[in-house]
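Right, one structure below, let's go through it.
The values are calculated or read from the model by the stated rules, or taken from the named source; none is laboratory data. None of the values given here were measured: they were computed from a predicted structure. Every residue, glycine as well, gets a Cβ built from its backbone with ideal geometry; the counts of neighbours run over all protein chains shown. Side chains are part of the model used for accessible areas, which takes the heavy atoms of the whole protein and leaves out ligands, DNA and RNA. Shrake-Rupley method; radii C 1.70, N 1.55, O 1.52, S 1.80 Å.
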Amino acid sequence: KRTIRGNFEKSPFPDAPIVPFGRPVHDRLRLEVARGCTRGCRFCQAGMIYRPVRERSMEKLLSMAEKSLTATGYEDISLLSLSTGDYSCLSPLIQQLLTRYAKRHVAVSLPSFRAGTLGPELMRLIQQVRKTGFTIAPEAGSQRLRDIINKNISDDDIFDTVQQVFGLGWTLIKLYFMVGLPFETREDLQGIVDMVKVLRKIKNPERRRRKINVSMTTFIPKPHVPFQWEGQISLDESREKISWLRHHLTARDIHCKWQQPEVSLLEGLFSRGDRQLSRLLVLAHKKGCRFDGWSDKFNYPLWKDAFYDEGVDVNFYTTRPRELGEPLPWDHIDIGVSKDFLQDEWLKARQQELTPDCRNGACNDCGVCDFKRIQPEVYQPCDEAHLINGENTEAKNEAHVVEVSWSKTGQARYFGHLELMQSFFRAIFRAEIPIRFSEGFHPKPRISFEDPLPLGIESLDEKLWLTVSKRVEPGKVINGLNKFLPHGLGVNDCRLVSPESMTEKPATVFYKVNLPAGFFDADRLNGFHDAKEFIFSRKNRKGKLKIIDLKDMITQMNLDALNCLTMTIRLESGKTVRPYDVMTCVFGLSENEARQARVVKMVAGAAEIKMLEKS
């Protein structure tokens, strides 16, 4: 029996999540504004098994955002739920988030929207955040089929929403459709084509080029939904319908994406399969079916072999309709929604009869609520007089440049430059350093780094420059950043400087190289010193051959021990020489041998060498 959380407002929330140093998918603060959805789409499993709808209050969400942003340093907030556009306090919540965190330029992202739920006021608010595309899910191309699936939106809702979106400056619309829905006809597929062609004719005020992405997937019957008794279309039908849509949606500003029909077939197989499929899963794994979610790894012929060897009739589980009285493999699982309700919805679909949302209306008697502990929780927007006002603008008349000296040692040498920048961004926000932002459509923190440090190379003296909106104490910057930077990254010094110093670059750089195994050939080093020129060549990213005389670039190179090398390399625009280049070209080491060396960049001073010896 499914457990349902009552009083969602008091449900615990992880307001100090672990912040990764790399860039995972969905690298942002995620606030769950509501749980459950009662729109009642007859194909949607989540809309059935997560009932009833339970919202968090706006005050609770603002408190959660404040704690979490302070703890993580995230610069993006995603407002999540099954139907975020239905959240009762969405407009004032977004307004408050934008107002409170305007100085930090925190972006607010939202998932796909239901057409008809967004008014002009809410769209203008969304327009203020960093936007790329706007996602709408009509699901079907005709009103008849949308009524069958209980997707209670009209053609006018879709048209008006897209017109408003383009009118407010968006240039990309994403539309989601399914093929193979119950009672689908060719006219319904033609409806998708007609709808997209009408929408692409909508002009935006600035006449900028706009684009429509059309995403297509095959309908898959899921357990615990009214359509759990329906059959899935065959693999050949799925291929034919997606191919037909692609052929009829070929305009330059329309881009089609689709899920492989073979993947949909497997999803349908395991969605409604029984325990007999466990042996199939093990056999397919033994045959090499792994990482099937990646298209380059998906190997459907191996699955076909597994079907044959295990004697699995795929059509028995996928294309075959179920009888209403037939025992189903998941009948022993009680999700709260009664089977009688699902059967009533299945019959309503055949009559094209809609079921209204019970969020604010009469109960539809699905069986979930007891109206004591479990019932819908919907909040009214707060009184604006009680909302906290924030400052939307920075002090434009004040800017200071802070020079930060930092080191990168140990395991931190494997951070790429983008990961390293992200680590500093997060540490700056968490340390509450008043960083200024660039102007424009995508404001960025005004941080300038020296030339990127190559992957795998350590350094004891790197520089970056922060532009801040008010004077800061260097000691607080050092302590604040060191508190939140990952192990191996550390701030050594900090001082206020003039903006002109940001363009100053050293003329040379000093490296110390240690080989963990092997040695540097002294005869090769002597040969380098005696040569009048020592040519090194490599291809750049464009494939053009670059020829460099190492004698011009290396001003000093000595062996402190058989496995310890020091060198000073000139920095010259258009010419780049790395220690790995010297090890392979001068000393004849292989690429793998050179990459095993410990390479440390530093200024050639006694203090830095002592620091290196300690580390």
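Given R0 = 35 Å, the distance between the Cβ atoms of residue 66 and residue 255 translates into a calculated FRET efficiency of 0.35. Relative to the longest principal axis of the Cα atoms of the chain, the long axis of helix 474-484 makes an angle of roughly 50 degrees. Considering the options 110, 170, 244, tell which one lies farthest towards the positive end of the dipole of the chain, charges being +1 on Lys and Arg and -1 on Asp and Glu at the Cβ, about the Cα centre. So the residue furthest toward the plus end is 170.
Rg ratio for the chain: its Cα radius of gyration over 2.2 N^0.38 Å, N being its residue count, equals 1.22.
Taken about its Cα centre, the range 208-330 carries a charge dipole of about 860 debye when Lys and Arg each add +1 at the Cβ and Asp and Glu each add -1 at the Cβ. Return the carbon/sulfur percentage of the accessible area of the chain, one whole number, probe 1.4 Å, all protein chains in place. Answer for the chain: carbon and sulfur cover 50 percent of the accessible area. Need one word for the range 123-269: rounded, prolate or oblate. Basis is the Cα gyration tensor (sqrt eigenvalues a ≥ b ≥ c); a/c below 1.5 gives rounded, then a/b vs b/c decides. Prolate shape, in that a/c is at least 1.5 and a/b is the bigger ratio. Of the trypsin sites (Lys or Arg not before Pro) found in the range 188-256, those that fall in a DSSP loop while having at most 10 other beta-carbon atoms within 10 Å are 201, 207, 209, 252.
Eigenvalues of the alpha-carbon gyration tensor of the range 213-265, scaled by 5 and square-rooted, set the equivalent ellipsoid semi-axes at 25, 12, 8 angstrom, largest first. Of the residues 79, 44, 62, the one whose Cα sits farthest towards the positive end of the charge dipole of the range 26-80 is 44 (charges of +1 on Lys and Arg Cβ, -1 on Asp and Glu Cβ, taken about the Cα centre). Helix 339-350 axis versus longest C-alpha principal axis of the chain: approximately 80°, rounded to the nearest ten.
Let me make sure I get this right: for the range 8-117, a, b and c are the square roots of the gyration tensor eigenvalues over alpha carbons, sorted descending. Under 1.5 in a/c it's rounded, otherwise prolate if a/b > b/c, else oblate. Which is it? Since a/c reaches 1.5 and a/b is larger than b/c, the shape of the range 8-117 is classed as prolate.
Accessible surface computed residue by residue for the chain, with neighbouring protein chains in place and a 1.4 Å probe, gives 51 Å² per residue. Under the convention that each Lys and Arg Cβ holds +1 and each Asp and Glu Cβ holds -1, the size of the dipole of the chain around its Cα centre is about 860 debye. Principal-axis analysis of the Cα atoms of the chain puts helix 186-199 at an angle of about 50° to the longest axis. When DSSP beta bridges are restricted to pairs lying wholly in the chain, around 60% turn out antiparallel. In the chain, helices alone account for a calculated mean residue ellipticity at 222 nm of -9000 deg cm²/dmol, with every DSSP H run of four or more residues adding -39,500 (n - 2.57).
Can you classify the range 553-603 as rounded, prolate or oblate using the Cα gyration tensor, where a ≥ b ≥ c are the square roots of its eigenvalues, rounded means a/c under 1.5, and otherwise it's prolate if a/b beats b/c and oblate if not? Cα axes put the range 553-603 in the oblate bin. Listed peptides 404-416, 74-86, 354-366 appear in the order 74-86, 404-416, 354-366 once ranked by packing, highest mean of other Cβ atoms within 10 Å at the front.
Kirkwood's formula applied to the C-alpha pairs of the range 181-252 gives a hydrodynamic radius of 14.4 angstrom.
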